[in-house]
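Q: Quick one: this structure, given as structure tokens, is what I'll be asking you about.
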Amino acid sequence: MKIAVLALQGAFIEHEKVLSELGAECIELRNAEDLQQDFDALVLPGGESTVQGKLLRESGMFEPLKERIEAGMPVLATCAGMILLADHIADDDTRHFATIPMTVKRNAYGRQLGSFHAYGELETVGQVPMTFIRAPYVVSVEDGVEMLAQVDGRIVAVRYGNQLALAFHPELDADRQVHSLFTEMVEAYLHGSQQRHSA
């Protein structure tokens with residue numbers, strides 16, 4: 001299992017450490033040439049979504065990655081990554097990959113709650129620690145988007161097909177359940193690909 005981690009900006013190294021612990025091989029995506037490597041899944045880390053969106057386009061990686069996500073490649077998106085996947089950003093006309101039919105609100109908790117920690121129930125997983133840093137949250141979702149977790153009545157984790165998007169940073173906590181869920185998604189995707197190729 002080889003997982004590509006977007007390494008343009010933000011907390012990408014922490015994701016790599018956790019995924020490596022779980023037995024995955026990680027590569028970093030910094031420019032269009034990196035896309036020539038084989039990889040099975042993608043991580044869009046936290047950071048600044050506006051900067052990441054700009055660098056994705058300037059590097060020539062935006063369209064190829066969008067095509068792979070739309071084709072079903074598993075993707076784990078945290079914080080800024082969630083914003084990149086949303087097809088609508090509240091009070092903002094900017095659109096990035098726009099592959100999950102949902103509306104998100106950027107920096108949704110304001111300065112007073114710019115960073116905070118909580119425990120919440122994640123569907124199919126159980127209780128997980130949640131570290132929020134200038135986090136977004138999901139305002140609304142369309143048909144087909146599964147709501148996985150809420151904190152204080154706000155949606156903070158969703159799944160849409162092979163896309164897993166979180167408002168919090170699981171890579172900053174010792175709990176490995178979120179990344180384990182993602183690697184299980186990747187394994188299922190690879191198994192399905194093998195079956196399709198052998199059919």
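Q: Could you list all residues from region 96-132 that are touching a strand residue (DSSP E or B) at 6+ places or on another chain (Cβ under 7 Å) and among the charged types (D, E, K, R)?
A: Passing the criteria: K105, R106, E121, E123.
Q: Right, another one. Return the pairs, sorted by first residue and then second, in which the second residue is among the hydrophobic types (A, V, I, L, M, F, W, C) and in a strand (DSSP E or B), the first residue lies in region 125-146 and is free of Cβ contacts under 8 Å to residues at least 24 places away in the same chain, the beta carbons are less than 9 Å apart, and the residues are 6+ apart or on different chains.
A: From region 125-146, the pairs are E146/V158.
Q: Scan region 106-129 for residues that are surrounded by 15 or more Cβ atoms within 10 Å (Cβ to Cβ), farther than 15 Å from G47 by Cβ and either touching a helix residue (DSSP H, G or I) at 6+ places or on another chain (Cβ under 9 Å) or aromatic (F, W, Y) (or both) and report the count.
A: The number of residues fulfilling the criteria is 5.
Q: Take the residues in region 64-91 that are part of a loop (DSSP other than H, G, I, E, B) and under 14 Å from the mean Cα position of the chain (by Cα); name whichever of them is surrounded by the fewest Cβ atoms within 10 Å (Cβ to Cβ).
A: Filtering region 64-91 for residues part of a loop (DSSP other than H, G, I, E, B) gives 71-74, 79, 90-91.
Now restrict to residues that are under 14 Å from the mean Cα position of the chain (by Cα): 72-74, 79.
Numbers: G72: 13, M73: 19, P74: 24, C79: 27.
That would be G72.
Q: Identify, from the list T103, T94, T50, the residue that is of a type in the set (S, T, Y), assigned to a loop (DSSP other than H, G, I, E, B) and touching a residue at least 12 places away in the same chain (Cβ under 8 Å). Show your work before the answer.
A: Numbers: T103 fails: assigned to a loop (DSSP other than H, G, I, E, B); T50 fails: assigned to a loop (DSSP other than H, G, I, E, B).
Checking each option against the conditions leaves just T94.
Q: Let me ask something else about it. On the given criteria, is R154 under 24 Å from D87 (Cα atoms) and more than 17 Å from the chain's Cα centre (by Cα)?
A: Numbers: under 24 Å from D87 (Cα atoms): yes; more than 17 Å from the chain's Cα centre (by Cα): yes.
Against the criterion (under 24 Å from D87 (Cα atoms) and more than 17 Å from the chain's Cα centre (by Cα)), R154 qualifies.
Q: Next up: Of all residues in region 20-63, which are among the β-branched types (V, I, T), under 27 Å from S115 (Cα atoms) and surrounded by fewer than 18 Cβ atoms within 10 Å (Cβ to Cβ)? Steps first, answer last, please.
A: The initial filter retains those residues of region 20-63 that are among the β-branched types (V, I, T), namely 27, 43, 50-51.
Checking the rest, the ones that are also under 27 Å from S115 (Cα atoms) come to 43, 50-51.
Correct list: T50, V51.
Q: Looking at region 1-19 only, could you name the residues that are part of a loop (DSSP other than H, G, I, E, B) and surrounded by 20 or more Cβ atoms within 10 Å (Cβ to Cβ)?
A: Residues of region 1-19 part of a loop (DSSP other than H, G, I, E, B): 1, 7-11.
Those that are part of a loop (DSSP other than H, G, I, E, B) and surrounded by 20 or more Cβ atoms within 10 Å (Cβ to Cβ): L8, G10.
Q: For region 112-122, indicate whether the set of residues that are of a type in the set (A, V, I, L, M, F, W, C) and more than 23 Å from T50 (Cβ to Cβ) is non-empty.
A: Quick first cut of region 112-122, residues of a type in the set (A, V, I, L, M, F, W, C) only: 113, 116, 118, 122.
Now restrict to residues that are more than 23 Å from T50 (Cβ to Cβ): 118, 122.
For region 112-122, residues of a type in the set (A, V, I, L, M, F, W, C) and more than 23 Å from T50 (Cβ to Cβ): present.
Q: Separate question: Which residue, of T103, T183, T94, T99, is of a type in the set (V, I, T) and either at pLDDT below 95 or in contact with a Cys (Cβ under 6 Å, 6 or more places away or on another chain) (or both)? Lay out the reasoning, then the answer.
A: Values: T103 fails: either at pLDDT below 95 or in contact with a Cys (Cβ under 6 Å, 6 or more places away or on another chain) (or both); T183 fails: either at pLDDT below 95 or in contact with a Cys (Cβ under 6 Å, 6 or more places away or on another chain) (or both); T99 fails: either at pLDDT below 95 or in contact with a Cys (Cβ under 6 Å, 6 or more places away or on another chain) (or both).
Every option except T94 fails the conditions.
Q: Which of the residues that make up region 147-173 are of a type in the set (G, A, S) and in contact (Cβ under 8 Å) with a residue 12 or more places away in the chain? It would help to see each step written out before you state the result.
A: Of all residues in region 147-173, those of a type in the set (G, A, S) come to 149, 153, 157, 161, 165, 167.
If the condition is that a residue be of a type in the set (G, A, S) and in contact (Cβ under 8 Å) with a residue 12 or more places away in the chain, then A149, A157, G161, A165, A167 are the ones that fit.
Q: Going residue by residue through region 115-134, is there one that turns out to be in a loop (DSSP other than H, G, I, E, B) and in contact with a Pro (Cβ under 7 Å, 6 or more places away or on another chain)? Let's see the steps before the verdict.
A: First, the residues of region 115-134 that are in a loop (DSSP other than H, G, I, E, B): 123-125, 134.
From what's left, in contact with a Pro (Cβ under 7 Å, 6 or more places away or on another chain): none.
Looking for residues that are in a loop (DSSP other than H, G, I, E, B) and in contact with a Pro (Cβ under 7 Å, 6 or more places away or on another chain), one finds none in region 115-134, hence no.
Q: State whether one or more residues within region 166-176 are out of contact with any strand residue (DSSP E or B) (no Cβ under 9 Å at 6 or more places or on another chain), modelled with pLDDT of 95 or more, outside any strand (DSSP E or B) and not polar (S, T, N, Q).
A: Step one: filter region 166-176 for residues out of contact with any strand residue (DSSP E or B) (no Cβ under 9 Å at 6 or more places or on another chain), giving 176.
Now restrict to residues that are modelled with pLDDT of 95 or more: 176.
Still in the list and also outside any strand (DSSP E or B): 176.
Checking the rest, the ones that are also not polar (S, T, N, Q) come to 176.
Taking every residue of region 166-176 in turn, at least one turns out to be out of contact with any strand residue (DSSP E or B) (no Cβ under 9 Å at 6 or more places or on another chain), modelled with pLDDT of 95 or more, outside any strand (DSSP E or B) and not polar (S, T, N, Q).
Q: Also: Looking only at region 124-179, which residues are of a type in the set (D, E) and at positive phi? Break it down stepwise before answering.
A: First, the residues of region 124-179 that are of a type in the set (D, E): 142-143, 146, 152, 171, 173, 175.
D152, the sole residue that qualifies.
The values are calculated or read from the model by the stated rules, or taken from the named source; none is laboratory data. Predicted model, so just to flag it, every value in this text is computed and none were measured. All Cβ positions, even for glycine, are placed from backbone atoms using ideal geometry, and neighbour counts span all protein chains on display.
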